[in-house]
Ligand code: HMG
Ligand code: MG
């Protein structure tokens, strides 16, 4: 019996590769995205227009967007922390962009060198410009359970930032358990607060698998009405400004899990396994 659609938003080429130690050549990144495009994703995040001094691994994002084969029906997304990033993403042909904020002050400062309030003021003109050209903007909220610098984060703090990003025009709010501190109970409590201000149909779960609980957290989120989950093929990932953040939950495992439960993701598991193999090889080479 089908339980209806559930979408996986692929973040491996961005959240995954931004944290690899080895400088991965553009051609390898392009090859990975091209393989992922064959799997049937509606959205793949593959670029990040941030300062190369802060995240050198994402330099070359414009070349990645220029080099990939664009599958019909797939949107290729990029992170944009400020107006400079927005303009670079537009020039490079990103189909959608994402602003990224935090529910905790400590992570906000370490990650984007701004307080939460300053970051929201930085995002506002980006959303205004994007609205004029109908460019979809996604909004991330990091540290939705715990911050590596400030400790536990209150659900109300997450709801406050999610509410502001949604009111500003973000079409979807992705809730980042950046260091995988979530448990099903904590995720459910957080979602209860966020659902009061943003409908569940506009939320995504972005769960890192640091402590092996991401899948259980996805289950808790499903029961709260969330139907979009971010995942990274091969379990790539982490965040350079969140020490200890392991990879995102692995796309191929999430797809297997959602399909077994009866959700329709529209993804080709065989292609996902092949892409995961490629991703693991890229990572393996980073370890030598
Ligand atoms: P800053 O140092 O305050 O910025 O950094 P600035 O305006 O003073 O500029 C400093 C330098 O960066 C200047 O260059 C600028 O031109 C340059 P210089 O004059 O020194 O040669 N610069 C840029 N270069 C390229 N592209 C740009 C750009 N902006 C300025 N867009 C800034 C502020 C936001 C730029 C910096 O903090 C930054 O780039 N941070 C990004 C950190 C990051 O990418 N983190 C990982 C992504 S977030 C994440 O992974 C979490 C998520 O997955 C969800 C979850 O898991 O929770 C989304
Ligand atoms: Mg992340």
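Each reported figure results from applying straightforward, stated rules to the coordinates on display, with no laboratory input. Treat the numbers as computed from the prediction; the structure is a model and nothing was measured. Because the Cβ atoms are built from the backbone with ideal geometry, glycine has one as well, and the counts that use them run over all protein chains shown.
Annotations for the structure displayed:
- Volume per residue of the C-alpha convex hull in the range 29-152, rounded to whole Å³: 110
- Under the Debye formula (equal points on every Cα, no solvent term), log10 I(q)/I(0) of the chain at q = 0.11, 0.12, 0.13, 0.15 Å⁻¹: -0.55, -0.67, -0.80, -1.12
- Taking 272, 261, 203 and counting other C-beta atoms within 10 Å, the order from fewest to most: 261, 203, 272
- Within the range 1-138, percent of DSSP bridges classed antiparallel, to nearest 5: 0
- Least to most buried among 110, 53, 29, 129 (fewest other Cβ within 10 Å first): 53, 129, 110, 29
- Here is how the number arises for the chain: DSSP H runs of 4 or more residues each give -39500 (n - 2.57), the sum is divided by the residue count, and the result at 222 nm is -13000 deg cm²/dmol.
- The GNM of the chain, with springs linking C-alpha atoms under 10 angstrom apart, assigns the highest mean-square fluctuation among 173, 24, 44 to 24.
- Estimated translational D of the range 106-261 in µm²/s (Stokes, Kirkwood radius over Cα pairs; 25 °C; 0.890 mPa s): 157
- The length gained by stretching the chain between residue 223 and residue 121 to full extension, at 0.36 nm per residue less their Cα-Cα distance, is 33.3 nm.
- Potential lengthening of the chain between residue 211 and residue 38 amounts to 59.2 nm, from the contour at 0.36 nm per residue minus the alpha-carbon distance.
- In nm, spacing of pseudo-spin labels at residue 260 and residue 197 (7 Å Cα→C-beta vector): 3.6
- For the range 8-87, the spread of Cα positions along each principal axis, largest first, Å: 34, 28, 22
- Each part reduced to its alpha carbon centroid, the range 54-94 and the range 173-229 end up 26 Å apart.
- Residues residue 163 and residue 268, FRET efficiency given R0 of 25 Å [Cβ-Cβ distance, rounded to 0.05]: 0.10
- With the simple model of a label 7 Å out from the Cα in the direction of the Cβ, residue 26 to residue 185 spans 5.0 nm.
- The shape of the range 110-202 can be summarised by an equivalent ellipsoid whose semi-axes, obtained from the alpha carbon gyration tensor, come to 23, 16, 10 Å from longest to shortest.
- Alpha carbon Rg of the range 107-163, scaled by the compact-globule rule 2.2 N^0.38 Å: 1.26
- Fully extending the segment from residue 72 to residue 131 would add 18.9 nm, taking 0.36 nm per residue of separation and subtracting the current Cα-Cα distance.
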